[in-house]
Amino acid sequence: MPAIEIRDLHKAFGKLEVLRGIDLSVETGEVVCVIGPSGSGKSTLLRCVNLLEQPTSGSVHVAGVEVTDPDCDIDDVRRRIGMVFQQFNLFGHLRVRENLTIAQRRVLGRTRAEADRIAAVNLDRVGLADKADAYPAQLSGGQQQRVAIARALAMDPQLMLFDEPTSALDPELVGEVLAVMRGLAAEGMTMLVVTHEMSFAREVASRVVFMDGGTVVESGPPDEVFGAPREPRTREFLHRVLEPTRVSEAEIGAHAPSGS
Amino acid sequence: MAEPETLAVGSGAAPAPVPPPARRRRLGRRQRQRLGRTAGYLVFVALLLAVVAAADWGTLADAFFRLDVAGEMFPEAITVALRNTIVYTLLAFAFGLVLGLVLALMRLSSVGPYRWFATGYIELFRGLPSLLVLFMVGYGVPLAFPNREIPGGVYGAVTIGLGVTAAAYMAETIRAGIQAVPKGQLEAARTLGMSHGRAMVSIVLPQAFRIVIPPLTNEIILLTKDTSLAYVLGVTATTIELTKFAGDALNTRVNPTPLVVAGLLYLAITLPLSQLVRWLERRAAKER
C-alpha cells in the first residue's frame with residue numbers, strides 16, 4: 001500500500017486551473033522531490049495531500065485512507081502527516097518547547113512530562129536542544145525551520161511534506177536545514193518535498209517529479225531526470241536553473257541595441 | 001577611446017542644463033525659518049500676557065478652586081463616586097469584551113446567518129447614541145416587561161446598557177486582530193491535527209489579543225467617560241458615580257469647584273491608561 005496515492009487530481013481557483021490531472025504515488029520510505037517553475041502547481045499539489053486545499057476533483061489516499069472522502073476525519077489523518085512550510089509558521093506567542101508540546105498534549109493527549117521528553121528528543125534531533133526556552137523571534141531563519149521540523153516530528157508522523165522549506169532562508173542557512181532533511185531521509189522517513197534545491201533533489205531523492213503548467217511532465221530517478229531528461233521542457237528548465245550564467249540573450253528574446 | 005559622457009546608454013538626449021537660481025531672495029532658507037519661528041513665539045507670549053492681565057484671578061479661584069468646597073467632597077468622592085465609576089467601567093468592559101468576542105467570531109463564521117446577525121448588530125449599535133441605548137435598557141425594556149427585572153439593579157443596567165454598545169466596537173477591533181494573525185498560523189495548527197476550534201483557542205486568539213490590547217485599552221478610556229451617562233438611570237447615594245456626584249455638589253454649594261475635582265479624578269484614571277496605550281503600542285512596534 002503506497003504512503004500517498006494521488007489519482008487524476010484537479011484543482012482550480014475560480015477559472016485558474018492549477019492542477020490538471022495529476023497521478024502520483026509515493027511508496028513508504030521513498031523520498032520524492034517535486035521540482036518545476038513557479039506557478040506550476042507544486043505547492044498546491046502538496047497542500048492537496050493534507051487537504052489544506054480542497055481538490056476540485058480526483059482522489060488522494062494517504063496510508064490507505066481516502067482524504068478526499070467527505071466523511072474522512074481529516075484531523076485524524078493530519079496528525080499522521082508532518083508538514084513544513086516555506087514561512088516556518090512557528091507559533092510566535094509560544095516558546096520553542098511549547099511549540100513542540102502544544103499539539104502533542106491537545107491532540108494526542110500526552111502528559112506534560114511525556115510531551116516535554118519527546119520535545120527534548122526532537123529538539124536534540126535537529127541540534128537545538130539548548131533553544132527550548134527561546135521564542136521563535138529570537139532564532140535565525142534556519143533555526144526556526146529546524147524547530148518547525150522538530151515540531152512536526154514530535155507528532156510521530158508516518159510521512160512528511162516539505163513545501164519549499166529553504167526558499168525563505170538566507171543562502172548560508174540553507175545547509176543546516178538540508179542536513180536535517182538528509183538525516184531524516186537516511187532514517188527511512190517517507191518524504192514528499194517541493195524544492196528548488198536541485199543538488200538536494202539529485203543527491204537525496206529516490207524519485208524526481210518535474211511539474212509544469214499543472215501537469216507532471218516527467219518523473220524518474222534523479223540520475224535520469226537530471227542526467228538525461230527526455231522532455232524538452234525539462235531540459236530547458238534544468239538548463240536555466242542549473243546554469244543560470246549560460247542562459248543566452250537569444251534564448252530569452254532579448255536584442256542588444258544596434259548602431260548606437 | 002570612449003568618452004565618459006557617452007557611457008550612459010539608452011537615455012537619448014542629454015538633460016537640459018539647469019538654469020542658475022534667480023537671486024531675488026535676500027534671506028537664506030535657514031534665516032527665514034528662524035525669523036518665522038521667532039515671530040511665532042512672540043505672538044504666543046503676547047497672547048499669554050494679554051490673558052493673564054485680563055483675567056480676574058480672585059474670581060477664578062473663588063469659582064473653580066474653593067478648597068473648602070473641594071474638601072467637603074472627600075472621602076465620598078473617592079470611596080463612593082470614583083469607586084462606582086471604576087466598577088461601572090470594568091463591568092461594562094467585561095460584558096462588552098465577552099459579547100464582542102462572540103460577535104467577532106460570528107462575523108468571521110462560515111455560517112451565513114451568524115455573519116449577517118453580527119454585521120447587523122455591529123452596524124446598529126455603532127449607529128445609536130449610548131444615551132439612547134441606556135434609556136432603552138433602563139426604562140424601555142422594564143416598561144415592556146414589568147414582571148422581570150435586570151439583575152444587579154443600576155449596576156446591571158449600566159453593565160448591559162454601556163456593554164452592548166462597547167461590544168459592537170470591540171467586535172470590530174477583535175475581528176481585525178484575528179485577521180491580522182497570518183493565515184499560516186492556523187494552517188500550521190491544522191496540519192498538527194488540531195480542530196478549527198482548538199486552533200483558534202490555542203493559537204490564533206492569543207496572538208490576536210496581543211495585537212488588540214492597545215485599542216481595547218482605548219475602549220476602556222471611552223467607557224470610563226461614558227459611565228457619566230449612568231445618572232439618567234436615577235442613581236442613589238450608594239450607586240452614584242463621579243459626574244452625578246459632582247453635579248449634586250455643584251447644586252448644594254452653588255459653586256463649580258466640584259466639577260474641577262471630578263475632572264481631575266477622571267484624568268487620574270484616563271491619563272495613566274493613555275500612557276499605558278502609548279507604551280503598549282511602542283512595545284508592539286518594536287516586536288514587529
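Some observations on this one:
- Test: A:R117 is closer than 24 Å to A:A201 by Cα, surrounded by fewer than 22 Cβ atoms within 10 Å (Cβ to Cβ) and among the charged types (D, E, K, R): no
- Only one of A:E203, A:E251 that is part of a loop (DSSP other than H, G, I, E, B), among the acidic types (D, E) and over 30 Å from A:D76 (Cα atoms): A:E251
- Residue list for segment A:41-79, restricted to those being out of contact with any Cys (no Cβ under 8 Å at 6 or more places or on another chain), away from chain B (no Cβ under 14 Å) and not hydroxyl-bearing (S, T, Y): A:G41, A:K42, A:L45, A:G58, A:H61, A:A63, A:G64, A:D69, A:P70, A:D71
- The condition (being under 18 Å from the mean Cα position of the chain (by Cα) and either closer than 30 Å to A:P55 by Cβ or not in a loop (DSSP other than H, G, I, E, B) (or both)) is satisfied by just one residue among A:R182, A:R233: A:R182.
- Filtering segment B:70-99 to residues that are among the aromatic types (F, W, Y) and part of a helix (DSSP H, G or I) leaves B:Y88, B:F93, B:F95.
- Of all residues in segment A:121-133, those being crowded, with 17+ Cβ neighbours inside 10 Å and of a type in the set (A, V, I, L, M, F, W, C) number 4.
- Every condition in (1) more than 18 Å from the chain's Cα centre (by Cα); (2) in contact (Cβ under 8 Å) with a residue 60 or more places away in the chain is met by A:E27 except one, and the failing one is (1).
- Scanning segment A:81-99 for residues that are of a type in the set (A, V, I, L, M), at the interface with chain B (Cβ under 10 Å from one of its Cβ atoms) and buried (at least 20 other Cβ atoms within 10 Å of the Cβ) returns A:I81, A:M83, A:V84, A:L90.
- Within segment B:85-110, residues that are among the hydrophobic types (A, V, I, L, M, F, W, C) reach no partner that is buried (at least 20 other Cβ atoms within 10 Å of the Cβ) and not in a helix (DSSP H, G or I) with beta carbons closer than 7 Å at six or more positions or on different chains.
- Segment B:30-64, residues that are β-branched (V, I, T) and in contact (Cβ under 8 Å) with a residue 12 or more places away in the chain: none
- Filter pass, A:R7 being over 26 Å from B:P206 (Cβ atoms) and either touching a Gly at 6+ places or on another chain (Cβ under 8 Å) or basic (K, R) (or both): yes
- Of all the numbered requirements in (1) closer than 30 Å to B:Q207 by Cβ; (2) surrounded by 13 or more Cβ atoms within 10 Å (Cβ to Cβ), B:R126 misses one, and that requirement is (2).
- Yes/no for A:V60 being touching a helix residue (DSSP H, G or I) at 6+ places or on another chain (Cβ under 7 Å), surrounded by 18 or more Cβ atoms within 10 Å (Cβ to Cβ) and assigned to a strand (DSSP E or B): yes
- Of all residues in segment A:103-119, exactly one satisfies the criterion of being facing chain B (nearest Cβ under 9 Å), over 13 Å from A:A150 (Cα atoms) and assigned to a helix (DSSP H, G or I), namely A:R106.
- Within segment A:21-56, considering residues that are crowded, with 16+ Cβ neighbours inside 10 Å and charged (D, E, K, R), the one farthest from A:A201 (Cα to Cα): A:E53
- Residue within segment A:120-138 that is part of a helix (DSSP H, G or I), of a type in the set (A, V, I, L, M, F, W, C), away from chain B (no Cβ under 13 Å) and over 30 Å from A:S199 (Cβ atoms) present: yes
- Residues in segment B:46-57 include at least one that is surrounded by 10 or more Cβ atoms within 10 Å (Cβ to Cβ), under 30 Å from B:L242 (Cβ atoms) and at pLDDT 80 or above.
- Filtered residues of segment A:102-146 (kept if out of contact with any Lys or Arg (no Cβ under 7 Å at 6 or more places or on another chain), in contact (Cβ under 8 Å) with a residue 40 or more places away in the chain and among the polar types (S, T, N, Q)): A:Q144, A:Q145
- Any hit, segment B:121-132, residues being assigned to a helix (DSSP H, G or I) and over 18 Å from B:T173 (Cβ atoms): yes
- Subset of segment A:151-169 (residues that are of a type outside the set (D, E, K, R), within 12 Å of another protein chain (Cβ to nearest Cβ) and out of contact with any strand residue (DSSP E or B) (no Cβ under 8 Å at 6 or more places or on another chain)): A:A154, A:A168
- Test result for B:P142, free of Cβ contacts under 8 Å to residues at least 24 places away in the same chain, closer than 29 Å to B:A284 by Cβ and of a type outside the set (V, I, T): no
- Meeting the requirement of 2 or more residues that are within 14 Å of another protein chain (Cβ to nearest Cβ) and touching a Ser or Thr at 6+ places or on another chain (Cβ under 7 Å), no helices (runs of 4 or more DSSP H) wholly within segment B:153-269 can be named.
The values are calculated or read from the model by the stated rules, or taken from the named source; none is laboratory data. Because the structure is predicted, anything quoted here is derived from the model rather than measured. Cβ coordinates were reconstructed from backbone atoms using ideal geometry, including for glycine residues, and neighbour counts include every protein chain displayed.
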